[in-house]
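Structure, as structure tokens:
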Amino acid sequence: MNRVRVRFAPSPTGFLHIGGSRTALLNWLFARNKGGSFVLRIEDTDRERSTPEYLNAIIEDLRWLGLDWDEGPECGGDFGPYLQSERSESYAPHVEKLLKTGDAYHCFCSPEELEERRSRGQATDGGWIYDRKCLEFGDDERDSLLAEGRPSVVRFRVPTGKTSFDDMVLGKIEFDNAELDDLVIVRQDGTPTYNFAVVVDDLEMAITHVIRGADHISNTPRQIVIWKALGHEPPTFGHQPLVLAPDKQVMSKRRGAIAVGEYRRRGYVPEAVVNYMALLGWSYEGDQEFFSLDELLQNFDMGRASKKPASFDPNKLDWMNAHWLKKLDVADRTERVIPFLQAEGLLAETLGPEERSHLEQVVELLDDRLKVLTDIVELAGFFLAPDVVYDKIAVSKVLAKPGAEEILVGLHKVLSECPDFQPETLEGAMRKFAEDAELSLGKVVQPLRVALTGRTASPGIFETLSLLGRKVSLARIDAARGLTA
RNA sequence: GGCGCCAUCGUCUAGCGGCUAGGACGCCGGCCUCUCAAGCCGGUAACACGGGUUCGAUUCCCGUUGGCGCUACCA
């Protein structure tokens with residue numbers, strides 16, 4: 001049995017979105033699980049649309065997800081180059097071979113002629129495949145046309161019969177070759193087309209398993225016939241159902257597809273994104289839903305992959321992200337939250353040990369209230385900014401109510417007189433205050449909460465008070481008195 | 001139009017001839033409680049349709065419908 005070699009072959013004509021990264025993940029899992037190699041090949045033959053920016057973004061996103069590859073454009077390998085645009089010389093010998101065996105032929109039909117025959121064909125009986133007009137030419141005729149410089153393409157001559165393959169996820173799939181066009185494998189400008197380049201690249205890179213999106217199912221028989229004409233057994237194919245956007249539309253660059261990098265910027269952690277993608281179209285025996293990359297590696301089994309296109313559910317991703325955030329220890333969570341606070345100017349570019357430890361206390365107090373890392377800005381702003389931003393509704397619902405003023409005045413006194421500012425001490429003092437005033441604790445707490453945080457929701461009030469400290473707390477109570485009725 | 005793939009709660013799914021059709025997200029209600037989260041408990045909600053096969057179909061076969069993909073000198 002040959003050593004497993006798989007590849008992820010994106011074209012740098014856009015950002016990596018959930019669908020593409022899921023394909024990458026599946027390939028990675030398969031390779032790692034089998035102890036094989038994972039190759040990153042960049043299909044950048046579409047010079048018009050490919051850009052180095054997209055290439056860099058794709059590499060960055062894959063790394064962020066935690067996927068690594070053994071061979072690729074930036075790290076090299078024994079089967080390079082890994083940029084398809086640099087492999088141009090490897091296609092010609094194969095074309096020659098096919099031309100010699102008669103499995104390919106020159107076609108002089110112009111795009112305009114073809115277009116005309118195609119539309120006429122479609123008008124009469126729906127479909128149209130190339131009519132093999134140029135197959136009629138004798139050798140001499142063809143050579144003279146070539147000699148006089150008539151523009152031509154090379155077409156692959158699809159054999160008769162049926163082509164079938166055993167798909168790793170879909171099972172047996174069969175096509176009648178009569179449905180297949182004599183596809184162009186070399187363009188007028190001499191460059192290879194996708195279906196041909198893929199075969200040659202996969203062949204030369206010794207790829208054993210092709211795991212890709214279901215949008216390639218119809219390409220598979222075309223590629224298989226080329227593999228065979230080239231004298232090789234095709235690799236094993238596995239087609240993953242497409243990922244649909246929440247509205248059931250296919251994820252695409254213009255319709256709802258969010259780049260992986262965008263998830264990073266929105267405060268999702270890679271653990272959650274990976275876990276969610278794995279669950280999209282795959283399930284584990286039993287009810288386990290949480291998987292680290294390593295656990296996926298141990299348990300992933302292509303046989304349990306769903307055949308049905310899955311639609312992406314942002315709610316579940318949020319839930320999953322919150323879960324992974326909860327699992328992180330405080331130091332780690334703090335670390336990840338820092339860039340988001342810095343971006344908002346709530347934190348200096350460099351942190352001293354004291355600032356860091358203060359931030360850790362804030363993060364610890366916030367506990368599991370973060371759904372995405374960016375929530376930190378809203379939730380911790382009042383701890384980090386000098387001034388409180390008062391929420392209008394909170395003020396009108398709580399501070400502007402009768403009695404609020406008296407409570408704040410009373411609390412100011414109680415807090416001034418507390419022997420220390422530990423949560424337990426504060427709780428005792430405030431409970432006593434409430435009791436004496438014949439008020440429920442809640443009635444007392446809410447005005448204080450709004451005074452301190454500007455909002456009606458926050459972590460526990462005693463811990464918040466304690467972390468804010470006496471000086472700040474009292475100052476904020478004073479400031480809030482200006483907002484009471 | 002042709003060819004191909006697919007079809008269980010709104011969504012992700014378990015199921016591989018006999019189940020009160022299970023779980024998860026969301027949603028609703030409750031508990032907890034100083035608020036908000038979290039947590040716990042409970043509820044809501046599905047086998048697309050029609051034929052077969054079978055003692056018995058969500059499950060197997062065929063058809064219909066629907067969704068999606070491909071149908072380029074794009075990848």
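The values are calculated or read from the model by the stated rules, or taken from the named source; none is laboratory data. Keep in mind it's a predicted model, so treat the numbers as computed, not measured. Neighbour counts run over all protein chains shown; Cβ positions are idealised from the backbone, glycine included.
Residues that are within 9 Å of RNA strand B (Cβ to nearest atom) and small (Gly, Ala, Ser) within region A:445-475 comprise A:Ala457, A:Ser458, A:Gly460, listed in sequence order. The C-beta contact set for region A:291-305 (first residue surrounded by 13 or more Cβ atoms within 10 Å (Cβ to Cβ), second residue small (Gly, Ala, Ser), distance under 7 angstrom, 6+ apart or interchain) comprises A:Phe291/A:Ala278; A:Leu293/A:Gly66; A:Leu296/A:Ala278; A:Met302/A:Gly238; A:Arg304/A:Ser283; A:Ala305/A:Gly281.
Within region A:190-207, which residues are surrounded by fewer than 18 Cβ atoms within 10 Å (Cβ to Cβ) and more than 6 Å from RNA strand B (Cβ to nearest atom)? Matches in region A:190-207: A:Gly190, A:Thr191, A:Glu204, A:Ala206.
Here is a yes/no grid of residues against (1) more than 26 Å from A:Gly72 (Cα to Cα); (2) under 27 Å from the mean Cα position of the chain (by Cα); (3) near RNA strand B (Cβ under 8 Å from one of its atoms):
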site: A:Asp139; (1), (2), (3): yes, no, no
site: A:Ala147; (1), (2), (3): yes, no, no
site: A:Phe156; (1), (2), (3): yes, no, no
site: A:Glu174; (1), (2), (3): yes, no, yes
site: A:Gln188; (1), (2), (3): yes, no, yes
site: A:Asp215; (1), (2), (3): no, yes, yes
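Filtering region A:239-295 to residues that are within 12 Å of RNA strand B (Cβ to nearest atom) and farther than 17 Å from A:Phe312 by Cβ leaves A:His239, A:Tyr284, A:Glu285, A:Gly286, A:Asp287, A:Gln288, A:Phe290. Which one is farthest from RNA strand B (Cβ to nearest atom), of the residues in region A:110-131 that are more than 30 Å from A:Glu204 (Cβ to Cβ) and among the hydrophobic types (A, V, I, L, M, F, W, C)? Once the filter is applied, the top-ranked residue is A:Ala123.
Within region A:129-156, residues that are in contact (Cβ under 8 Å) with a residue 60 or more places away in the chain reach partners that are within 14 Å of RNA strand B (Cβ to nearest atom) and aromatic (Phe, Trp, Tyr) with beta carbons closer than 8 Å, at six or more positions or on different chains, in the pairs A:Phe156/A:Phe196. In the set A:Phe383, A:Phe300, only one residue is within 15 Å of RNA strand B (Cβ to nearest atom) and over 30 Å from A:Gly171 (Cβ atoms); that residue is A:Phe383. Put simply, of A:Gly410, A:Gly442, A:Gly428 the only residue that is more than 13 Å from RNA strand B (Cβ to nearest atom) and part of a helix (DSSP H, G or I) is A:Gly410. Within region A:312-325, the presence of a residue that is of a type in the set (A, V, I, L, M), within 10 Å of RNA strand B (Cβ to nearest atom) and under 19 Å from A:Leu448 (Cα atoms) is excluded. For A:Val273, the criteria (1) within 25 Å of A:Glu378 (Cβ to Cβ); (2) touching a residue at least 60 places away in the same chain (Cβ under 8 Å); (3) surrounded by fewer than 18 Cβ atoms within 10 Å (Cβ to Cβ) hold in every case but one, which is (3).
Only one of the numbered conditions (1) within 15 Å of A:Gly454 (Cα to Cα); (2) in a loop (DSSP other than H, G, I, E, B); (3) within 16 Å of RNA strand B (Cβ to nearest atom) is violated by A:Phe421, and that is (1). Filtering A:Asn56, A:Asn2 for residues that are in a helix (DSSP H, G or I), of a type in the set (S, T, N, Q) and surrounded by fewer than 16 Cβ atoms within 10 Å (Cβ to Cβ) leaves a single hit, A:Asn56. Of the candidates A:Gly261, A:Gly231, the single residue that is small (Gly, Ala, Ser), more than 29 Å from A:Ala322 (Cβ to Cβ) and touching a helix residue (DSSP H, G or I) at 6+ places or on another chain (Cβ under 9 Å) is A:Gly231. Restricting the search to helices (runs of 4 or more DSSP H) fully inside region A:273-387 and requiring at least 2 residues that are over 30 Å from A:Ala245 (Cβ atoms) and hydrophobic (A, V, I, L, M, F, W, C) gives A:330-343, A:353-366, A:375-384.
Filtered by the rule that a residue be at pLDDT 95 or above and of a type outside the set (A, V, I, L, M, F, W, C), region A:37-55 gives A:Ser37, A:Arg41. Pairs linking a residue in region A:429-454 that is among the charged types (D, E, K, R) to a residue that is buried (at least 17 other Cβ atoms within 10 Å of the Cβ) and in a helix (DSSP H, G or I), with Cβ atoms under 6 Å and 6 or more positions apart or on different chains, are A:Arg449/A:Ile461. Within region A:211-227, being assigned to a helix (DSSP H, G or I) and either in contact (Cβ under 8 Å) with a residue 24 or more places away in the chain or over 19 Å from A:Asn177 (Cα atoms) (or both) holds for A:Ala214, A:Asp215, A:Asn219, A:Thr220, A:Pro221, A:Arg222, A:Gln223, A:Ile224, A:Val225, A:Ile226, A:Trp227. Considering region A:388-428, and only residues there that are surrounded by 14 or more Cβ atoms within 10 Å (Cβ to Cβ) and among the charged types (D, E, K, R), the residue that is nearest to the chain's Cα centre (by Cα) turns out to be A:Asp391. Taken together, A:Arg32, A:Arg63, A:Arg47 contain a single residue that is over 19 Å from the mean Cα position of the chain (by Cα) and not in a loop (DSSP other than H, G, I, E, B), which is A:Arg32.
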